[in-house]
Amino acid sequence: MDLDEEEQQQLLAKPALELEGIRFLQETVGWLLSNYGWYLLFSFIILYVIFQKALEASVASSIEPDTVVKQQEALAASRLRMQEELNTQAEKYKEKLKQLEEEKRKQKIEMWESMQEGKSYKGKAKKWPQQEPEPGPSTSSNIPKPKPDRKSLRGSGYNPLTGEGSGTCSWRPGRRGPSSGG
């Protein structure tokens, strides 16, 4: 029965070893978490984010190349269509500018002929055809609109350097020459 007693002692000693192992594990893990817990947490978060990005990349790479090619062809076709529309608008705008230039040229010729005959051309010279702004290829090449006549804020005789013209304040330069002192 010595064997049975030894077996019993081994069975009793086995839980003591397990308890000692669990205590050792708790102490080690506790020490590790108390000293490096934040570092471990942030490293796990970074690993999670990297893993998610890798999954997204694998999903993105699994898209069929045929669909990508079709999308790119559709995009190129729409760009080509938009470019053709822009070109037609530019041609229309150029035609309109040519017509306006031709009208101005004809009007100048008429004015010149009437002046050669000795007639006044004041009334027709001021009547230029009104231009309607049309959406063209670019807004920077539009013909500038004539500015309305504005009354100036000061009279024509005003010169700020002389001090004449308006106001009671005037600035006069100091005396020339060396300063007088004692």
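Structure notes:
- Average projection, convex hull of the Cα set of segment 65-118: 3.2 square nanometres.
- Accessible carbon and sulfur surface of segment 65-118 relative to its total accessible area, %, 1.4 Å: 55 percent
- By the rule of a C-alpha distance below 19 Å, with chain neighbours fewer than 8 residues away ignored, the aspartates and glutamates paired with Lys106 are Glu95, Glu117.
- Segment 11-63 shape via C-alpha gyration tensor axes, a/c threshold 1.5: oblate
The values are calculated or read from the model by the stated rules, or taken from the named source; none is laboratory data. Everything numeric in this text was worked out from a predicted model, so none of it was measured. To get the accessible areas, we keep the full protein, side chains included, count just its heavy atoms, and leave off ligands, DNA and RNA. Shrake-Rupley method; radii C 1.70, N 1.55, O 1.52, S 1.80 Å.
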